[in-house]
Each structure stands twice: as structure tokens, then as C-alpha cells.
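The block underneath contains the structure these notes are about, expressed in C-alpha cells.
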């Protein structure tokens, strides 16, 4: 219990008073591959109306907008909102659609988005209320794309060290098949059809959940 409590404390600091260090920490733990990891979700994004939950310092927001997509971002952290706005303005984007809020109570109308995406979110993403809200805000056949974890699989000494640190701190707590089963079990009876994909990028293995909104479930009949 001590390590999970420490990690919650650490991430609270990282997302709030020390948000300005986020990019440095992310680059360090990913051995410089953080942006490559984030890019890994693009093949699974559909449509043009995209909501990113937990937008952090705005890297994915910038990439979505660079591709001409109608991107909206939501984050609970005010410092992250400030960083993301600055990054978007610096990249030449004038229309900035970022809002502060929580995934358990999304401030958007029903059926607004084609895809909702989240990369390396904290525990909120597996709150049942988050799934309920995501489903409500997705259009018919829309999808929720979540990149919860990545593994270092390279053979260099530093890559092996980082893989060990990820296991010790609980960031990669299980082998991939166990993670897959946990994800599938979580989405059971949620109104989503879910597949768990693995993508190899830059000596790393990404685990990505792709959950498509079912349109013939009991929730649609209520």
C-alpha cells in the first residue's frame, strides 16, 4: 500500500504545483520516447470531433489541431491548462478549446464527439462514472481510446533499468495478458465493445484500449 500511496502523492504534485516539470519527467521515464508513445494512439482515432481528457501540457492537443481536427481538451489541473494554452498559442493556434473539469461530470451535450482519447491517465479513467459520461458524450458508434501504460522492452541497460522501475512503482503492474483481462473485465456491461491492442514503438510496447460505443444496448432503450 505504501508505494501506491506515494505514487498518488507524486502525481498530485506533478499535475499541480510542479506541472512545469511534467515534460522533463515524462521525457526521463520514457527515455525520450514520450511523444512517440503519444503518437501511438493516432491510428485508433476516428472522426473529426475529438475530446482529449487529461490533456496535460497540450502535446496531443497540438498534434490533433495540426491535423485539422476539431479538438477539445479537458483537465482538472489549472496549471496544466495554462501550459497547454501557451503551447497551442506558440504553435500558432488561435482557437483554443480547453476547459477545466473532471471526467466523472463532462460539461458537454450528449453525442458531441466521435472519439474521446486519453493518454497515460491516472485512476479517474477507470471510474465507472467516467465510462458513463464518456458513453453519453460519444456519437453513435463513437469510440473511447485509452493508452494507460507502456513497457520498455529494449535490451540496453538503461531500458532494462527503467522497465524495473516501472514494475516497482506499479506503473506496469502486470504482464500484458493480465492487463488485457483487467481492462476487458472493467468494460464488461458498460455499453462498450472493447479491444485491447498492443503497438511496438521505439523499443517500447504500448497497451491501448479501444472501446466502441454499442448502439443496441439496454442503455439506448432507456
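Out of all the residues in the stretch 36-58, which are in contact with a helix residue (DSSP H, G or I) (Cβ under 6 Å, 6 or more places away or on another chain) and over 13 Å from residue 116 (Cβ atoms)?
So the first thing to find is which residues in the stretch 36-58 are in contact with a helix residue (DSSP H, G or I) (Cβ under 6 Å, 6 or more places away or on another chain), and the list is 38, 50, 52-53, 55-58.
Scanning the stretch 36-58 gives 38, 56, 57, 58.
Just give me the residues in the stretch 73-120 being in a strand (DSSP E or B) and either more than 19 Å from residue 144 (Cα to Cα) or touching a helix residue (DSSP H, G or I) at 6+ places or on another chain (Cβ under 9 Å) (or both), in sequence order.
Let us first name the residues in the stretch 73-120 that are in a strand (DSSP E or B), namely 73-75, 98-100, 113-119.
Scanning the stretch 73-120 gives 73, 74, 75, 98, 99, 100, 113, 115, 116, 117, 118, 119.
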Which one is modelled with the highest pLDDT among residues in the stretch 19-52 that are more than 20 Å from residue 86 (Cα to Cα) and assigned to a helix (DSSP H, G or I)?
-> 44
Return yes when residue 98 is surrounded by 21 or more Cβ atoms within 10 Å (Cβ to Cβ) and over 30 Å from residue 203 (Cβ atoms) and no when it is not.
-> no
Among the residues of the stretch 68-95, which ones are within 23 Å of residue 46 (Cα to Cα), more than 18 Å from the chain's Cα centre (by Cα) and surrounded by fewer than 17 Cβ atoms within 10 Å (Cβ to Cβ)?
-> 68, 95
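The values are calculated or read from the model by the stated rules, or taken from the named source; none is laboratory data. Just so it is clear, the structure is predicted and the values come from calculations on it, not from any experiment. Glycine gets a Cβ as well: all are built from the backbone with ideal geometry, and neighbour counts include every protein chain shown.
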